[in-house]
Amino acid sequence: MDVELFDFELPSDRIALRPATPRDSAQMLMVEGPVLTDKRVSDLPSCLRKGDILVFNNTRVIPGRLTGKRGEATIQVTLHKREDARTWRVFAKPAKKARLGDTIDFAGLKAEVVEVGEDGERTLVFEVDSGEMTSALETHGEMPLPPYIASQRAVDEQDKSDYQTIYAEEDGAVAAPTAGLHFTPELLERLSEQGIQSAYVTLHVGAGTFLPVKAEDTDDHKMHSEWGEISPETAVQLNETRRNGGRIISVGTTSLRLLESAVDSDGIIHPFKSDTDIFITPGYQFKAIDMLMTNFHLPKSTLFMLVSAFAGMPEMRAAYEHAINTGYRFYSYGDSSLLHLKRSA
């Protein structure tokens, strides 16, 4: 498909630089076909039914942005995929300063460039003991805020909590599963009291999620792979929910992409522990998900393509136009939407 079909104008003042306080006070646009309903995230329990299940991504964002030196040259890297305990694929900037065999010193944390890829991608091996990488990043790294926020203000201490879901558990993401940033302990309790279940999967979101689509046609775009896991117990829970008439609601596009990577043609979700580079565009037939809770995404991004596939292209263009015109806040710290799957006729 022509990538230009997914373009739209977004005023710069619609980009949220801080999250709503409290988290669940953010606006939420419910999209059910052509019907648009303005709500708040705190209204979520009234939008769902007893027996439904919310699927959360419990990945934890690590301080995956590092600034270092190679000689006199300053190099910033953003981690995006862990290969092993000490080896990471990264995006380097400026990439030409990070050459094969170079050692980059991140204020005492050193790493060697062992592979040079395309579009600024490098593979680094860090000089730490295998069990110390997380603590080294906590000491030397900063929270990897998306460029559309980091370019407008400095990263600060508040971001360490703001850019993390309250249920984050598994270290490995360098971008937050932002739909989950809206949840509070009180909201989770209200959902549980109403008989709405929760399930947790893991997809370590990479910095590749922010890369622009440079191709003119979606067929020519290459997705970066991300590692994910669905436990056998969670797969059973999800399949039983659907058999009992409950709906599966993905909290975020990351959970959705993982579930759609693990489902078979009969709609059965299987345990999963592997990489996925699934790229969803209009025409894709969803098999695992009934509803999607997600933030508002960038023009011409793979995520806007995904939501257009899920809820319909005309419907999403109308929803985004409404959101822009009525003051919704966009992107990682912005407001939310609750999308119903557009079923094939």
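The values are calculated or read from the model by the stated rules, or taken from the named source; none is laboratory data. What you see is a predicted model, and the numbers here were worked out from it, not measured in a lab. Don't worry about glycine lacking a Cβ; one is built from the backbone with ideal geometry, like all the others, and counts go over all protein chains shown. Note: accessible area is taken over every heavy atom of the protein model, side chains too, but ligands, DNA and RNA are not part of it. Shrake-Rupley method; radii C 1.70, N 1.55, O 1.52, S 1.80 Å.
When the residues of the stretch 267-279 are narrowed to those that are without any contact (Cβ under 8 Å) to a residue 40 or more places away in the chain and part of a loop (DSSP other than H, G, I, E, B), which ends up farthest from LEU303 (Cα to Cα)?
ILE268
Each row is one residue, and each column tells you yes or no for (1) open to solvent by less than 30 Å² (accessible area, probe 1.4 Å); (2) in a loop (DSSP other than H, G, I, E, B).
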| site | (1), (2) |
| --- | --- |
| ARG153 | no, yes |
| ALA176 | yes, yes |
| ALA179 | yes, no |
| LEU188 | no, no |
| SER198 | no, no |
| THR202 | yes, no |
| ALA215 | yes, yes |
| ASP219 | no, no |
| MET223 | no, yes |
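With ASP264, ASP290 as the choices, which residue is more than 27 Å from ALA26 (Cα to Cα), in contact (Cβ under 8 Å) with a residue 12 or more places away in the chain and out of contact with any Phe, Trp or Tyr (no Cβ under 8 Å at 6 or more places or on another chain)?
After ruling out the rest, the residue left standing is ASP264.
Starting from residues that are among the β-branched types (Val, Ile, Thr) and buried (at least 19 other Cβ atoms within 10 Å of the Cβ), keep the ones in the stretch 57-82 and report whichever is farthest from ASN295 (Cα to Cα).
The extreme case among them is ILE75.
Which ones in the stretch 8-27 are among the small types (Gly, Ala, Ser) and without any contact (Cβ under 8 Å) to a residue 24 or more places away in the chain?
So the first thing to find is which residues in the stretch 8-27 are among the small types (Gly, Ala, Ser), and the list is 12, 16, 20, 25-26.
Correct list: SER12, SER25.
Check LEU298, LEU306 and return the single one that is of a type outside the set (Gly, Ala, Ser) and open to solvent by less than 10 Å² (accessible area, probe 1.4 Å).
Unique residue meeting the criteria: LEU306.
Search the stretch 112-151 for residues being without any contact (Cβ under 8 Å) to a residue 24 or more places away in the chain, among the small types (Gly, Ala, Ser) and outside any loop (DSSP other than H, G, I, E, B), and hand back the single one that is most open to solvent (accessible area, probe 1.4 Å).
Ranking the candidates gives SER135 first.
Please pick out the residue among LEU54, LEU44 that is surrounded by 15 or more Cβ atoms within 10 Å (Cβ to Cβ) and in a helix (DSSP H, G or I). Before the answer, list the steps.
On the way: LEU54 fails: in a helix (DSSP H, G or I).
Every option except LEU44 fails the conditions.
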